[in-house]
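The values are calculated or read from the model by the stated rules, or taken from the named source; none is laboratory data. Because the structure is a prediction, the values reported are computed rather than measured. Note that we place each Cβ from the backbone using ideal geometry, even for glycine, and neighbour counts take in every protein chain shown.
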Amino acid sequence: MLELQNLSFQVSDEADGQKEIIKNLNLTFEDHSFIAITGPNGGGKSTLAKLIMGIEQPTWGKIIFDGTDITHMNITERAKLGISFAFQQPVRFKGIKVRDLITLAVGGSKNNPNICDYLSKVGLCARDYINRDIDASLSGGELKRIEIATVIARDTPLAVFDEPEAGIDLWSFNNLIQVFEELHASRSNSLIIISHQERILNIADEIVVLADGSLQARGRREDILPELLKGTESCRFYQKA
């Protein structure tokens, strides 16, 4: 279980002094749940994901994971506890091959046949990518898919994806939808996905709507999604696949 208790995050702003990005947020994410977080751009969604992973530290409040206060833990400590994260803009790793990166994620042998399976799940031909260097020769979309493959390979209790659809072509996006459905069906992981995509929202258990750093709505997919799809002035941020 992941609990956010009175979580707030401020940054310095030249015009306003202190700008509050996340405002006294209280949320609980149950084990084995699939939560989609959506809302308008600039609403604090990606910041919230970074706070969960430890990339940013909250100004105040607490983050509790499986009964442990992880508020002041760093990224490595949180990863060891079982939290994975996929960036909206993937990180490039010079001097390392795709095979090595996925091997590190799996924690096993380079000859593990599943390494190729992880690439296939995100729409990449293993034969063409397994020995590629993770450098500037890869496009943003290719890096995105490789990163998602490593998160899948880690198979942690909690996986956080920040807009996994960004830079992904339609065919690969269809594969990702299937991957998320399979991960959730296995009931071995909890998924938190930041997304504007209707098809991702449509397979989540619950939808959280975040705007201006505050919780605007939360509920079952079947209750929240129809309201988003009405296209009211406050909800014109979702995208159809």
Look through segment 211-241, keep the residues that are surrounded by 11 or more Cβ atoms within 10 Å (Cβ to Cβ) and of a type in the set (Ser, Thr, Tyr), and return whichever of them is modelled with the lowest pLDDT.
-> Ser234
Taking the stated definitions as given, is Ile102 crowded, with 18+ Cβ neighbours inside 10 Å, at negative phi, part of a strand (DSSP E or B) and of a type in the set (Val, Ile, Thr)?
-> no
Does Ala79 meet the test of being within 18 Å of Asp212 (Cβ to Cβ), out of contact with any Gly (no Cβ under 7 Å at 6 or more places or on another chain) and not acidic (Asp, Glu)?
-> no
Counting only residues in segment 26-51 that are among the hydrophobic types (A, V, I, L, M, F, W, C) and assigned to a helix (DSSP H, G or I), the one surrounded by the most Cβ atoms within 10 Å (Cβ to Cβ) is identified as Leu48
Do we have any residue at all in segment 179-189 that's out of contact with any Asp or Glu (no Cβ under 8 Å at 6 or more places or on another chain), among the aliphatic types (A, V, I, L, M), surrounded by fewer than 21 Cβ atoms within 10 Å (Cβ to Cβ) and in contact (Cβ under 8 Å) with a residue 24 or more places away in the chain?
-> yes
Could you list, in sequence order, the residues of segment 61-85 that are surrounded by 14 or more Cβ atoms within 10 Å (Cβ to Cβ), part of a helix (DSSP H, G or I) and of a type outside the set (D, E, K, R)?
-> Ala79, Leu81
From the set of residues in segment 40-76 that are under 18 Å from the mean Cα position of the chain (by Cα) and among the charged types (D, E, K, R), which is nearest to Leu2 (Cα to Cα)?
-> Lys50
